Amino acid sequence: MANNTSKTEEFHIGLTMAGAVSAGCYTAGAMDYLFEILDLWENSKENKLPEGWYEEILKYIPKHNVIIDVMGGASAGGMTTAMATIYALKGKINPVVDPTNITAIKDNLLYDSWVLMGDKENEKIKLFEKTFALDDLSSDKIPSLLNSNFIDAICDAAFIDDVGESKKMPNYISKELEILLSQTMLRSVPLPIDFSTPFGTLKIKKDNPKYNTFEHFVISHFKLDYDASNPLHKDFYLPLDPFVNKKEVERLKLATIATGAFPIGLSFRKFFNDEFTVEYIKNNSRKLINDKIQPENIPQNPRIEFDTLSNPFQFIGVDGGAINNEPIGEVLNVLKERYGEKKEGDYDKFGLIMIDPFPDHDYNLTEYKQPDDIFSVIPSILGTLQDQSKVKRREMLEFHTQHYLRGEIYPVRYYKDEVDKKFKLEPHAIACSSAFAFGGFLDINFRHHDFFLGRDNARNFFKVYFSFEYDPENNNVHPIHRNWTPEMVEYFKFNRKDLATGKEKVFLPIIPNLYELKDKLEKVDRNPYQRTVKEWPIYNPEELFSIAPKLEERIKKMVDLTINKFSDSTPDKKHPITENWMEKHYHQGFFKKITGWMGSKIFNLIIATNKTTIAKKAAKAAISWILKDLEDKKLIK
């Protein structure tokens, strides 16, 4: 129903991008499509249409605004969050709609970073082979199983600014944009609980025992409108300035790389300068403890008494997803604290979207197997600790008690059954899920397929799922849809039967997709099951076997470094008494010392002379494991 009010209605969204390892290309594809339809809609409001479009479309353009206020992510999702931010802030949206010329640079940060991943046209050495290079082992230390230098190169390329080009930030990006990147610290922030008795508190020297709980999670919380002179900004936020200030660029780059530092597989990252002040670390803990994100909402009492912490706060960072793989609570808090809690009868002012290449499904589908010895208990303990570290009690309760609009974009792929001619769900939708989610490193075709799958899934999500019911007869019309004409409703509506009542319900999209409008006006009926990249990518194992020698060389080098590490027989000068007792009870005569020395040398010699065999067996096992997983997912030639 039309309304004569001149107010332009707004709807705000927050985006959470889950950890994904190599499947960040899927998330990048979904974000590429979101920016495409937002940009097309924004231009149409200014009477700008793509070449060849009929001006008649302008009569049906909705005028409300949809604004991205906050984006957050962990691991590959955190890296995509940072890249999507840079891409949007440049204001130069160049969607990748053509799936041909896979290896060509598209001048699209999301595609060029996540699909190309440093691979160049006509270049013989591809990404997976680069991960076996030895240059990262030159310091006689092993930073990770795979050489991670390619990540630094991708990040460096992503942060190169278009010098001299004027930038126009899109209107659908908030001027107060916040981005939140999950970080896992291999150093704890002790949060003490004082166990002093009333008598003990009167002691002059307060050396009473304490019970400490430990915080290992930190949010790299960047704010676009950061003001260093504002006491509510300093040490609560980090400046979001990815173009001009070199210091801030380096901080954002480090946070971006560190959130994706998959433990053991990819290299850890060092925070060793002033990336985080000690006050920032303390305020980070206050945010997490109070479940508040904005400084003005964090209670002053009770005061948290932190132990003395070094300034700057140095630590080693590993994959942000190790503790918080989907920072949904933190992103939701930004929206709630900006626009208020939703009350009974209120219309939604904001919505939360999660993009997750590996969503959880029914937990009870897999049969539980009871551990029966330490070899099965130890993995269960590690899995338990990992799951428990990522538990989201507050978020679970919030989503059960408050009905905020939220939705999830996740891999869905259909095939047409040749028997009954119906479209059915593929059991494996995303190629990069192979090889423990490292499958995307194997082949650019995997990444290319998943990028466009992300675009296709985002298309269907924003067409029907990210919508509000439209029921003017019962006064159920969201404010953003109140000014829509009957023609606009007719062209954009989507019907869905309510199984409980049997009645048809009408829904209208929050973000109008003008491609859908154009199809309706031109009477074009597109198949929603149709995929942009139709063929499921197939990997040729010969490529893996051809680079096996480089894998073996890397394993041999790591064996050498491991032997050197454990061959260090330097006496323990910190514990001379222990050394004396050990010498007394395990005293070795001259003959035993000689034979022991010879035995050690012989052992090292055996390992050294057999390291080629060890490397070949290890490489063979790794290749076999990769190929079996590819075969299970029908990705193998």
Query raised in the report: Here are 279, 330, 296: which of them is modelled with pLDDT of 90 or more and under 24 Å from the mean Cα position of the chain (by Cα)?
Result: 330
Query raised in the report: Of the residues 86, 68, 105, 93, which is assigned to a loop (DSSP other than H, G, I, E, B), of a type in the set (A, V, I, L, M) and buried (at least 16 other Cβ atoms within 10 Å of the Cβ)?
Result: 93
Report task. Name the residue, out of 412, 377, that is surrounded by 10 or more Cβ atoms within 10 Å (Cβ to Cβ) and in a helix (DSSP H, G or I). Result -> 377
Query raised in the report: Counting just the residues of segment 415-438 that are at pLDDT 90 or above and of a type in the set (A, V, I, L, M), which one comes out surrounded by the most Cβ atoms within 10 Å (Cβ to Cβ)?
Result: 431
Query raised in the report: Of all residues in segment 504-562, how many are of a type outside the set (Ser, Thr, Tyr), under 30 Å from residue 491 (Cβ atoms) and out of contact with any strand residue (DSSP E or B) (no Cβ under 7 Å at 6 or more places or on another chain)?
Result: 20
Query - Boolean, residue 542 is open to solvent by 90 Å² or more (accessible area, probe 1.4 Å), under 30 Å from residue 629 (Cα atoms), part of a loop (DSSP other than H, G, I, E, B) and of a type in the set (Asp, Glu) - result: no
Requested in this report: Only residues that are among the hydroxyl-bearing types (Ser, Thr, Tyr) and at pLDDT 80 or above: list them for segment 158-195, please.
Outcome: 172, 174, 182, 184, 188
Report summary line: Looking across segment 168-202 at residues that are free of Cβ contacts under 8 Å to residues at least 60 places away in the same chain and small (Gly, Ala, Ser), the single one that is nearest to residue 275 (Cα to Cα) is 188
Query raised in the report: What tally of residues in segment 212-254 results from selecting those that are of a type in the set (Lys, Arg) and not in a helix (DSSP H, G or I)?
Result: 2
**Report entry** Scope segment 286-311; condition buried (at least 16 other Cβ atoms within 10 Å of the Cβ) and under 30 Å from residue 264 (Cβ atoms); matching residues
**Finding:** 287, 288
Report task. Name every residue in segment 89-108 that is hydrophobic (A, V, I, L, M, F, W, C), more than 21 Å from residue 41 (Cα to Cα) and touching a helix residue (DSSP H, G or I) at 6+ places or on another chain (Cβ under 8 Å), in order of residue number. Result -> 102, 105
Query raised in the report: Say we look at segment 217-232 and pick out the residues that are without any contact (Cβ under 8 Å) to a residue 12 or more places away in the chain and either farther than 23 Å from residue 314 by Cβ or touching a helix residue (DSSP H, G or I) at 6+ places or on another chain (Cβ under 9 Å) (or both); which of these is least open to solvent (accessible area, probe 1.4 Å)?
Result: 230
Query raised in the report: Taking only pairs six or more apart or across chains, which ones have beta-carbon atoms under 8 Å, a first residue in segment 392-406 that is farther than 14 Å from residue 324 by Cα and open to solvent by 40 Å² or more (accessible area, probe 1.4 Å), and a second residue that is charged (D, E, K, R) and not in a helix (DSSP H, G or I)?
Result: 402/341; 402/342; 403/342
Query raised in the report: Mind checking which residues of segment 503-524 are free of Cβ contacts under 8 Å to residues at least 24 places away in the same chain and not in a helix (DSSP H, G or I)?
Result: 503, 504, 522, 523, 524
Report summary line: Picking from 387, 443, the residue that is among the acidic types (Asp, Glu), within 29 Å of residue 71 (Cβ to Cβ) and either open to solvent by less than 100 Å² (accessible area, probe 1.4 Å) or modelled with pLDDT of 95 or more (or both) would be 443
Query raised in the report: Tell me, which residue of segment 466-502 that is free of Cβ contacts under 8 Å to residues at least 12 places away in the same chain and of a type in the set (Asp, Glu) is nearest to residue 12 (Cα to Cα)?
Result: 490
Query raised in the report: Does any residue in segment 46-57 that is more than 10 Å from residue 518 (Cβ to Cβ) come within less than 9 Å, Cβ to Cβ, of a residue that is open to solvent by less than 100 Å² (accessible area, probe 1.4 Å) and of a type in the set (D, E, K, R) six or more places away or on a different chain, and which pairs are these?
Result: 48/42
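The values are calculated or read from the model by the stated rules, or taken from the named source; none is laboratory data. Fair warning: this is a prediction, and the values are worked out from it, not measured in the lab. Please note: Cβ atoms are built from the backbone with ideal geometry, for glycine as well, and neighbour counts cover all protein chains shown. When the accessible area is computed, the model is the full protein with side chains, heavy atoms only, and any ligands, DNA or RNA have been set aside. Shrake-Rupley method; radii C 1.70, N 1.55, O 1.52, S 1.80 Å.
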